[in-house]
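Reading through the C-alpha cells given below for one structure.
Nothing in this text is a laboratory measurement; each read-out follows from the coordinates by a stated rule. Small disclaimer: the values here were computed from a predicted structure and weren't measured. Cβ sites come from the backbone with ideal geometry, for glycine too, and all protein chains shown count toward neighbours.
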Amino acid sequence: MPLFQAAASFSPSGDSFVSGARCVICGRRFDPAYLNNACVCPDHGDEGILDIEYDYEAASARFPASEQPGLWRYRALLPLPWTAPLPPPLTGLTPLYDAPALARAVNCARVLIKDDTRQPTGSFKDRASCLAVALARVQGAPVVATASTGNAAAALAGMAAAMHQTCVIFVPVSAPAAKVAQPLAYGAHVILVRGTYDQAFALCMEACRRKGWYNRNTAYNPCMAEGKKSAAFEIAEDMGWQTPDAVFVGTGDGCILAGLHKGFSDLLRLGRTARIPRLYGVQAEGSDFLCQAWEEGRRTAHAVLAKAPIAARTAADSICAGLPRDRIKAMRAVCESRGRFVRVSDTEILSAVPALARACGVFAEPAGAAPLAGLARAARQGLIAPGDTVCLVVTGSGLKDPGAVTAALSLPETVEGPVSVDPDPAALDDALFRLGLETKHSPFSSL
Ligand SMILES: *Cc1c(COP(=O)(O)O)cnc(C)c1O
Ligand SMILES: [Zn+2]
C-alpha cells in the first residue's frame, strides 16, 4: 500500500498530454511523474497547490475526442493517461439555455444559463468527482475519500457508486442530516467526526496519507480544478467555439472560478477561441473573503495568502468559506480575466432563487442562484455593456436544500403564497378572481 499522496499516475514513457505542474506560490515546475507521488509543492506544504500544464500542440488533434463518452470527450486536456481504460463517466454535457427575459431585465444582448442543476447528483461538483474516481481507479487506490458537508460528498459518493469504487466521506457531526442522506443512499461510508469541519478535513487528509487512499479534497488535489474546467469547454463548444463576454459563478473556496479560468485559458492556448471572458466571482456578504482581498488590493499570491481567515456565515451554505482554499487561483482568475468579485446580500441571493426559476424554469439552490444576484448588482454598477453576452453558471439544484427555498419564498415581496380554498367550485372561482386569473365571476358564483 503506498504511503504517499498521488494526484495522478503517469508512466515515464509519457502516455498523456500533461507536460508538468507548477506551484501557484513559487512557480517551481515539476515533471508529470511528480504527481505520481504528491499533490502539492514540497516547499509550501498544503498551501502549495499545483497548476497542471499540457502540451497543447500535441493535445490539439485529440480535442475534443467526440468518440469518447461524456466528460472523457475532453480527456486530452485532463490529467489522465491517454490509453488507460476508463469506466464510463456519469457526468458530462449539461445544457446551455438562452434566457431572453433576463437579458431584457439587465439590458444586455444575451444571458445564457449553464444548467448544472442537471448533473447526476444535482451539482457542479460531479465534474471534479467523476475525474477523482477515474484517477483512483487508474492508480488502483482502494478507497477514494473527501471531507465535505455538502455537494462534494454527494458528488463523490454518486460517482463512486457509478464506477464501483469504495468511497469514504468525512463529515463533522454538525452536518445537517439531509446532507448525509444522499451519500449514504449511494453507499458511501460516512464518518461523522466529533469536531469541526476543519478537524474532519485534517482527519481525512491524514487517513489518505496513511492508507494510500485517493484524496479528492478541494484545492489540495490539483486535478479537481481540471475536472471543473470542463464547464468552460462545454460553454464554448455549445457556442460554436465562441466565448461569452462575462461569466458569473457563486464563489466559496474559489475552485470553480479557478477551473473556469483554466478551461477558457486552455481553449485560448489551443487557438480554439479568441479570448477569455471576464470572470465574476459572486460572494455572499457574510462570506466575502475574496471580495475583501480584492478591495484591499491583494492581487499577488503572497498578498492573498497573508490575509487572515474571516468568520463566514450565509444562507447560501455551498459558498460559505472563511478561508477559501483555492484563493490564490481564484484571485488570479479574476485579475487575469479583468473580472471582479461581486458581493451580494443573502436577501438578494434568496430572491434570485424564484427570480431565476420564473425567468427560465431553472430551479437552483441559493449558491446556484447567486450568479443572477451578482449579475443584477454588476448591471446596476454599470459593469455590463449593452452588447455583452453573459453566462450564469448555475451550480446546484434547488431540490438539494428545500429549507433554503422555503426561506426564499417567505421573503415578503418576492413570491405570492399559496391560496387556500374550501373544496367547492364557487370558492375556487372566488379565489381565481382574486388572483386575477378570472376576469368576471362565472356562473358557479351566482348559484
Ligand atoms: C461548491 C459549490 C460552489 C462554490 O464552489 P467553490 O469552488 O467552493 O467556489 C457554488 N455552488 C455550489 C452549488 C457548490 O456546490
Ligand atoms: Zn512552491
**Message:** For a bin width of 5 Å, list the pair-distance distribution of the stretch 145-192 built from all Cα-Cα distances, rounded to whole %.
**Reply:** 5, 29, 40, 19, 6, 1
**Asked** Across the Cα atoms of the stretch 71-135, what radius of gyration and what greatest pairwise Cα-Cα distance (Dmax) are found, in Å?
**Response** 15.8, 48
**Message:** At a 10 Å Cβ-Cβ cut-off, how would you order Cys223, Cys335, fewest neighbours first?
**Reply:** Cys335, Cys223
**Prompt:** Given a cut-off of under 8 Å on Cα pairs at least six residues apart, what relative contact order in percent is computed for the chain?
**Reply:** 15
**Request:** Mind running the shape call on the stretch 248-374? Use the C-alpha gyration tensor, a ≥ b ≥ c as the square roots of the eigenvalues: rounded below 1.5 for a/c, prolate if a/b tops b/c, oblate otherwise.
**Result:** oblate
**Asked** How long is the stretch 307-447 along each principal axis, judged by its Cα atoms, biggest number first, in Å?
**Response** 71, 37, 21
**Request:** Would you compute the Debye intensity of the stretch 261-302 from its alpha-carbon atoms alone, equal scatterers and no solvent, and pass along log10 I(q)/I(0) at q = 0.20 Å⁻¹ to two decimals?
**Result:** -0.75
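Under the √(5λ) rule applied to the eigenvalues of the Cα gyration tensor, what semi-axes describe the equivalent ellipsoid of the stretch 91-230? Give them in Å, descending. Walk me through the numbers before you get to the answer.
Numbers: eigenvalues 187, 58, 36 Å².
Largest first, the stretch 91-230 gives 31, 17, 13 Å.
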**Asked** So which of Lys125/Lys329; Lys211/Lys400; Lys114/Lys179; Lys114/Lys307; Lys211/Lys262; Lys179/Lys262 end up more than 26 Å apart, counting from Cα to Cα?
**Response** Lys211/Lys400; Lys114/Lys307; Lys211/Lys262; Lys179/Lys262
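Please report the net charge: other residues with Cβ closer than 12 Å to the Cβ of Glu234, K and R +1, D and E -1.
+2
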**Asked** What distance in nm separates the simple spin-label points at Ser410 and Ala427, each placed 7 Å from Cα in the Cβ direction?
**Response** 2.5
**Message:** One quarter of the convex hull surface, Cα atoms only: what value does that give for the stretch 211-317 in nm²?
**Reply:** 9.0
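Ranked from highest to lowest mean number of other Cβ atoms within 10 Å per residue, what is the order of the peptides 141-148, 255-262, 21-28, 209-216?
Numbers: 141-148: 24.9, 255-262: 28.4, 21-28: 18.4, 209-216: 20.6.
Ranked from most to least packed, the peptides come out as 255-262, 141-148, 209-216, 21-28.
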**Request:** Within the chain, what's the longest run with no GluC sites (Glu not before Pro) in a DSSP loop and at most 16 other beta-carbon atoms within 10 Å? Give the range, please.
**Result:** 68-284
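Just rank Arg338, Arg118, fewest to most, by other beta-carbon atoms within 10 angstrom.
Working: Arg338 11, Arg118 15.
So the ranking, lowest neighbour count to highest, is Arg338, Arg118.
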**Message:** Between Arg275 and Thr196, what is 0.36 nm times their sequence separation minus the Cα-Cα distance? Round to one decimal in nm.
**Reply:** 24.2 nm
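Mean projection of the alpha-carbon convex hull of the stretch 1-98 over all orientations, in nm²? Let's see the in-between values first.
Values: hull surface 35.2 nm².
It is 8.8 nm².
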**Fill in**
Note on the stretch 173-234: alpha-carbon gyration tensor, axes a ≥ b ≥ c; rule is a/c under 1.5 for rounded, else prolate if a/b larger than b/c, else oblate; result oblate
**Rg/Rh ratio calculated on Cα atoms of the chain (Kirkwood radius)** = 1.01
**Fill in**
Residues meeting the amide H criterion for Val190 (H placed from the backbone, H to H distance under 5 Å, 5 or more places apart or on another chain) are Ile169
**Request:** Neighbouring Cβ atoms within 10 Å as the yardstick, rank Tyr97, Tyr74, Tyr54, Tyr197 fewest first.
**Result:** Tyr97, Tyr197, Tyr54, Tyr74
